[in-house]
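See below for the structure under consideration.
The values are calculated or read from the model by the stated rules, or taken from the named source; none is laboratory data. Keep in mind the model is a prediction, meaning the values are calculated, not measured. Positions of Cβ are generated from backbone atoms using ideal geometry, with glycine treated the same way; all protein chains shown enter the neighbour counts. Only protein heavy atoms, including side chains, enter the accessible area calculation; ligands, DNA and RNA are left aside. Shrake-Rupley method; radii C 1.70, N 1.55, O 1.52, S 1.80 Å.
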Amino acid sequence: MNKLMYLLLLLLVLVGCSQKELTRDDELLFELQDINDEELAALKERVTIFTEEELKQNYATIVFDYHVKNGKKFNKLTVEHQFNWGNFMDEIGLDDFQKFMNGNGRTTNFRNGSFEQDSNRFVFYTKDFTDEQMQEIFSKYALEIGWMNDEGRWVNEIIPVGSSYKDKRGE
């Protein structure tokens, strides 16, 4: 009987020690880019007070893409943005002409319901902002990641997206 208890205890220790903590295999892209041809064409239809060259100089696109490649391994993986795009659009304003337009965005989940990817393109009038102001605005941007661990407890983690922000215009 003692040998059986010893063997079961050893087995429990080995199983408990062999479990790895689940870590995310994720990618994050957060950049300010030059507008593309499609965005330029849409702006030309909406904003007629600027030449094509002025549109290229005055507007830029925020590109956001967050992808969790192994999200299906997590139980109920969720991602919430901690950034108020509505306030940002209010800050840009709509004085005399269209200063922003939504590009395209999408969110996808794995079949088990766990988060997979969130992408967004947002075109806006950048001439109102200095590089320092842009850095300050986006420095506060974060994602709150959550999932249910193997013990049935909810785990939260904050990812500071703003630290990944890069201005790629002109490259």
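Based on the Cα atoms of the stretch 114-160, what semi-axes does the equivalent ellipsoid have, where each is the square root of 5 times one gyration tensor eigenvalue, given in whole Å with the largest first? Spell out each step's value before the answer.
Values: eigenvalues 223, 37, 4 Å².
Taking √(5λ) for each eigenvalue gives 33, 14, 5 Å, largest first.
Taking Cα atoms, how many degrees apart are the long axis of helix 37-46 and the longest axis of the chain, rounded to 10 and kept between 0 and 90?
Taking the Cα atoms of the chain, the angle to 37-46 is about 50 degrees.
Express the carbon and sulfur contribution to the solvent-accessible surface of the chain as a percent, rounded to the nearest whole number, probe 1.4 angstrom.
Working: 5470 of 11090 Å².
Taking all protein chains in place, the chain shows 49 percent carbon and sulfur surface.
Pick from D37, D65, D26 the residue whose mean-square fluctuation is largest in a GNM of the chain, springs joining Cα atoms under 10 Å.
The residue with the greatest mean-square fluctuation here is D37.
Of E132, E80, E157, which has the largest mean-square fluctuation in a 10 Å C-alpha GNM of the chain?
Of the options given, E132 has the highest mean-square fluctuation.
Compute the signed sum of charges (Lys and Arg +1, Asp and Glu -1) over the other residues within less than 11 Å, Cβ to Cβ, of I145.
Working: positive: R24; negative: D26, E80, E144, E157.
Net local charge, I145 excluded: -3.
Relative contact order of the chain, please, whole-number percent, based on alpha carbon pairs below 8 angstrom and at least 6 residues apart. Working shown, then result.
Details: 281 pairs, mean separation 46.4, N = 171.
That works out to 27 percent.
Extension gain K69-E54, at 0.36 nm per residue separation less the Cα-Cα distance, in nm? Don't jump to the answer; show the numbers that get you there.
Values: separation 15, 0.36 × 15 = 5.40 nm, distance 3.91 nm.
My answer for the length gained is 1.5 nm.
Helix-only estimate, please: 222 nm mean residue ellipticity of the chain, summing -39500 (n - 2.57) across DSSP H runs of length 4 or more and dividing by its residues, to the nearest 500. Intermediate values should be presented prior to the final figure.
On the way: 5 runs with 51 residues, N = 171.
The helix contribution divided over the chain gives -9000 deg cm²/dmol.
If I model the stretch 86-171 as equal point scatterers sitting on the Cα atoms and use the Debye formula, what is log10 I(q)/I(0) at q = 0.22 Å⁻¹?
-1.26
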